[in-house]
Amino acid sequence: MQHLSYFHPGETSLKLQLPEELYIRMLQLLQHIKKEIDTYQPGNVHMLRALLYEALMLLDRCYQKTLSAIGNETLTGSKENNSPYIERFIKLVEENLKEQHSVQFYADCLCITPNYLNELVHSVLYTSAKQYIRNKVMNEARKLLAYTDIPVSEIALSLHFSTVSYFIRSFRQHTGKTPFNYRREQQP
């Protein structure tokens, strides 16, 4: 696994935008993997490994192509000059996502403007800084809903939403489901 471009501990990987052809191929591979799992027999492990390896290699090729397309340039200079901001931003979000949801907070921590932070994040991660933070917060909410019995009201408070209803509305906008329905679907 270490030879794959996107598996480097301590480093941040880019978000992949799969071309339509590769997206369709990945869906086919995932369907084959699911079929193998559903009809699993002791000898099938080699087929599963082969299918998984094919999927990982296709993603690795796409990742390498994305890296070379980006090259060493971003909006304001070389990638080397801007990646510390991105790496620090990602680390700060991981450390503070329960308490801080504003782009302004993270920009202040990095001593840059919110607009510049947004430009950097968008140029490397292909999403806005605000959306990146929101995705991380909602992923945390999903984990808490799926793997704990913590009441929704406590989850909303722990993630520093101003009200429980605002948390429920935000969660529904992000996932298409209420926290209650999501939890029910995730539990066996």
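The values are calculated or read from the model by the stated rules, or taken from the named source; none is laboratory data. Because the structure is a prediction, the values reported are computed rather than measured. Reconstructed Cβ throughout: ideal geometry from the backbone, glycine too, with neighbour counts over all protein chains shown.
Counting just the residues of region 141-154 that are under 20 Å from the mean Cα position of the chain (by Cα) and either part of a loop (DSSP other than H, G, I, E, B) or not hydroxyl-bearing (S, T, Y) (or both), which one comes out nearest to Q100 (Cα to Cα)?
A141
Looking at L29, L22, L110, which is the one that is out of contact with any strand residue (DSSP E or B) (no Cβ under 8 Å at 6 or more places or on another chain), closer than 30 Å to I155 by Cα, among the aliphatic types (A, V, I, L, M) and at pLDDT 85 or above?
L110
Could you check region 94-110 and list, in sequence order, the residues that are part of a helix (DSSP H, G or I) and over 17 Å from the mean Cα position of the chain (by Cα)?
The answer is V103, Q104, F105, Y106, A107, D108, C109, L110.
Quick check on region 156-188: of everything there that is outside any helix (DSSP H, G or I) and in contact with a helix residue (DSSP H, G or I) (Cβ under 8 Å, 6 or more places away or on another chain), which residue is farthest from K130 (Cα to Cα)?
Q187
Cβ-Cβ under 9 Å, sequence separation 6+ or interchain: first residue in region 37-61 and farther than 18 Å from R25 by Cα, partner part of a helix (DSSP H, G or I) and modelled with pLDDT under 85. Which pairs?
Partner pairs satisfying both residue conditions: I37/N44.
Restricting attention to region 113-133, and to residues there that are of a type in the set (F, W, Y) and part of a helix (DSSP H, G or I), which single residue is nearest to I155 (Cα to Cα)?
Here the answer is Y132.
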